[in-house]
1. Check Ile96 against each of (1) open to solvent by 20 Å² or more (accessible area, probe 1.4 Å); (2) within 15 Å of the ligand (Cβ to nearest atom); (3) of a type outside the set (Gly, Ala, Ser); (4) touching a Lys or Arg at 6+ places or on another chain (Cβ under 7 Å) and name the one condition it does not meet.
2. Would you check which residues across region 334-360 are surrounded by 17 or more Cβ atoms within 10 Å (Cβ to Cβ), at pLDDT 95 or above and more than 21 Å from the chain's Cα centre (by Cα) and list them?
3. Which of (1) charged (D, E, K, R); (2) buried (at least 21 other Cβ atoms within 10 Å of the Cβ); (3) part of a helix (DSSP H, G or I) does Asp40 not meet, given it meets every other one?
4. Do you know which residues across region 55-89 are of a type in the set (A, V, I, L, M) and near the ligand (Cβ under 10 Å from one of its atoms)?
5. Go through region 293-351 and tell me which helices (runs of 4 or more DSSP H), entirely inside it, have 1 or more residues that are closer than 22 Å to Pro225 by Cβ, within 16 Å of the ligand (Cβ to nearest atom) and out of contact with any helix residue (DSSP H, G or I) (no Cβ under 9 Å at 6 or more places or on another chain).
6. For region 421-434, which residues satisfy the criterion of being surrounded by fewer than 23 Cβ atoms within 10 Å (Cβ to Cβ) and touching a strand residue (DSSP E or B) at 6+ places or on another chain (Cβ under 9 Å)?
Amino acid sequence: MFLAKKKKRPVDRHIKNLTNIVGAKSILFHKEDLLSYDCDGFTIHKALPKAVIFPKNTEEVAAAVTYCDTHNIPFLARGAGTGLSGGAIPLNEEVIISLVKMKNLLSVDYENRQAVVQPGYVNLKLTNSISSKGYYYAPDPSSQYVCTIGGNVAENAGGAHCLKYGVTTNHILGLELVLPNGEIVEISEGGVPDMPGYDLLGILTGSEGTLGIVTKITVRILRSPEGKKTVLAYFDRVEDGSHAVSDIISAGIIPAALEMMDQTAIEGVEAGAFPVGHPDDIEALLLIEVDGIIEGIDEQIEQILSVCRNHNVRDVKVARDEEERGRWWANRKTGFGAMGAISPDYLVQDGVIPRSSLPEVLQNIKDISKEYNLRIANIFHAGDGNLHPLILFDSRIEGETEKALQAGTACLKACADVGGSITGEHGVGIEKKEEMRFVFTDDELDAQTAIRDVFNPKDLLNKGKLFPTPSRCMDIKKIIKETAAAH
Ligand SMILES: Cc1cc2nc3c(=O)[nH]c(=O)nc-3n(C[C@H](O)[C@H](O)[C@H](O)COP(=O)(O)OP(=O)(O)OC[C@H]3O[C@@H](n4cnc5c(N)ncnc54)[C@H](O)[C@@H]3O)c2cc1C
C-alpha cells in the first residue's frame with residue numbers, strides 16, 4: 001500500500017524564524033494543514049494563511065508580533081473560529097496567531113467577583129468552573145461551549161441572557177494586550193473599574209481584532225440568581241408575538257432572556273438535534289426567562305402570562321423543571337446549526353432595531369424573502385431587538401450565493417432604515433464592511449479609522465476588516481466569482 005506523501009513547500013526564512021519563536025510543534029505551514037484555517041463561521045469567502053502559530057504565553061505572542069511588524073508581514077488573531085462575519089479570515093495571506101494553547105483559568109477572586117482568564121479559555125468553562133460556589137459568567141453566546149473569551153472580547157459578544165445582564169463589554173474589567181508593534185500593555189491593571197481617562201477597555205472591546213491581540217482578560221463574575229422560571233408561548237400570528245414582546249418590557253419587567261423564533265426557524269429546530277415538539281403551524285414562539293430573588297418571580301411570570309393572553313396566545317406554559325427548561329434552551333441555542341437540517345447552506349444576519357419596529361421589520365424581511373425567492377428563518381433576541389435573519393440557500397445553484405448576500409444586505413438596510421444597526425453581536429468583519437455606510441457618514445468612518453491608525457499604524461493587524469474601502473465593490477465581485485468557481 002502506498003501512502004500519499006505530504007507535499008512540502010520550501011520553508012522560507014520567515015517560517016524558520018517563527019518556528020524558532022514558538023517551537024516546531026506550534027506552527028503549521030503546509031497547505032493541507034492550513035486548509036482548516038481558510039475561513040471562520042462565515043464560510044462564503046476562503047483564503048489560506050501563510051502559517052498558523054500557536055503561542056503558549058504572552059511573551060511568545062509578543063515575539064511573533066514583533067517579528068511580523070519588523071518584517072512587514074500581515075498577521076491576525078484567531079480564537080475558536082466561530083465568528084460569523086469573517087473577522088478571522090486571512091485576506092492578505094496573514095500569519096494567524098491562534099490563541100487556543102493559551103486556554104487556562106488563571107485565578108478567581110470571589111471576594112471581588114473577578115476572574116482572570118487567558119484568551120483561548122472557552123466561554124462556558126468559566127461558568128462550569130465557578131458554578132459550584134454559586135457564581136457564573138453572564139455573557140452566553142449560543143456558541144459558548146466552544147468560542148473563546150478572547151474572541152468574545154474582540155466581537156463584544158452577546159447572548160440570550162444579555163437583555164438583562166449586558167453584553168461582553170459590561171463584564172470586562174481589565175485586559176492585557178500585545179500591540180501591533182509587539183509591545184505588551186495592561187489596560188486597567190488588576191481589574192479596577194472606572195479608571196479615570198479615556199475608556200480604553202470600551203474601545204478595545206468590540207474592535208474585532210484590529211487594535212491588538214488580547215492575551216489576558218479580567219472579567220466580572222456574578223452571583224447565580226436564587227431562582228429562575230422559563231415560559232414558552234406559541235402564537236398563531238407573528239404580529240401578536242411581536243406586540244407581546246413590547247408589552248412585556250413596557251410592563252416594567254426585564255426578563256433575563258426574551259427570545260423569538262418564527263415558523264421557518266421552528267421547522268429547522270424541530271428537524272435538528274434537539275426537537276421539543278413545537279407545533280408546526282404557529283407563526284411564532286417566545287421563550288421568556290425571568291430570574292432573580294425567588295420572591296417576586298411568580299408575580300412576574302403571572303404578568304407575562306397575562307400579556308401573552310392579551311395577545312391571543314394559542315398556548316403558553318411554564319417549564320415544569322430544570323430538565324424541561326434545559327431541553328427548551330438546547331432547542332433554541334442550537335438553532336443556527338439546525339438550519340442545516342432544512343437547507344444546504346444558510347447565511348446568518350445580525351441587525352438591531354428598536355423593539356417597537358419589530359412587526360414592521362419582520363414584515364419587510366418577509367417581503368425580502370419573496371423578492372429574492374429565498375426562505376428566511378428568524379431566530380433572535382427579541383427583547384433587545386437583535387434580529388438574526390437566517391437566509392437559506394443552495395450554493396450549488398448558480399447565482400444563489402450572490403442572491404443570499406444581496407438578501408442579507410437588504411435585511412440590514414431594513415434595520416438601518418428604522419434607526420437600527422447592522423450588527424448586534426456578530427461584528428462587521430469582511431461581511432458587512434460596505435453596510436457600515438448605512439449607519440455612518442464618511443466623516444464618522446474616518447474618525448474611527450483614525451483610532452485604528454493610532455494603535456495599528458502599519459495596518460498589518462487584521463487588515464481589510466471592519467471598515468469599507470473604496471474598492472469594496474471590487475472585493476464583493478471577486479468573492480462571488482471565486483465562490484462560483486469553487487462550485
Ligand atoms: C452556532 C453559532 C452561534 C453563535 N451565537 C452567537 C451568539 O449568540 N452571540 C454572539 O455574540 N455571537 C455568536 N456567534 C458568533 C461567535 O461565536 C462569536 O463572535 C464569538 O465571540 C467568536 O469567538 P471565537 O473564539 O470563535 O473567535 P474567532 O472567530 O476566532 O475570532 C473572531 C474575531 O476576533 C478576533 N480575535 C480572536 N481572538 C482574539 C484575541 N485574543 N485578541 C484579539 N482579537 C481576537 C479575530 O481576529 C476575529 O476578528 C455564534 C457563532 C456560531 C457558529
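1. Unmet for Ile96, out of (1) open to solvent by 20 Å² or more (accessible area, probe 1.4 Å); (2) within 15 Å of the ligand (Cβ to nearest atom); (3) of a type outside the set (Gly, Ala, Ser); (4) touching a Lys or Arg at 6+ places or on another chain (Cβ under 7 Å): (1).
2. Those that are surrounded by 17 or more Cβ atoms within 10 Å (Cβ to Cβ), at pLDDT 95 or above and more than 21 Å from the chain's Cα centre (by Cα): Ile342, Ser343.
3. If we test Asp40 against (1) charged (D, E, K, R); (2) buried (at least 21 other Cβ atoms within 10 Å of the Cβ); (3) part of a helix (DSSP H, G or I), just (3) comes out false.
4. Scanning region 55-89 gives Val61, Leu76, Ala77, Ala80, Leu84, Ala88, Ile89.
5. Details: elements: 297-310, 322-333, 335-338.
Passing ranges, in order: 322-333.
6. Ser421
Here's the yes/no breakdown for (1) at pLDDT 95 or above; (2) assigned to a helix (DSSP H, G or I); (3) touching a Gly at 6+ places or on another chain (Cβ under 7 Å); (4) open to solvent by 10 Å² or more (accessible area, probe 1.4 Å):
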{"site": "Thr409", "(1), (2), (3), (4)": "yes, yes, no, yes"}
{"site": "Asp453", "(1), (2), (3), (4)": "yes, yes, no, yes"}
{"site": "Asp459", "(1), (2), (3), (4)": "yes, no, no, yes"}
{"site": "Ala485", "(1), (2), (3), (4)": "no, yes, no, yes"}
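The values are calculated or read from the model by the stated rules, or taken from the named source; none is laboratory data. Everything quoted here is computed from the prediction, not taken from an experiment. Neighbour counts are summed over all protein chains in view; Cβ atoms, including those assigned to glycine, are modelled from backbone coordinates with ideal geometry. Surface areas here come from the heavy atoms of the whole protein model, side chains and all, with no ligands, DNA or RNA. Shrake-Rupley method; radii C 1.70, N 1.55, O 1.52, S 1.80 Å.
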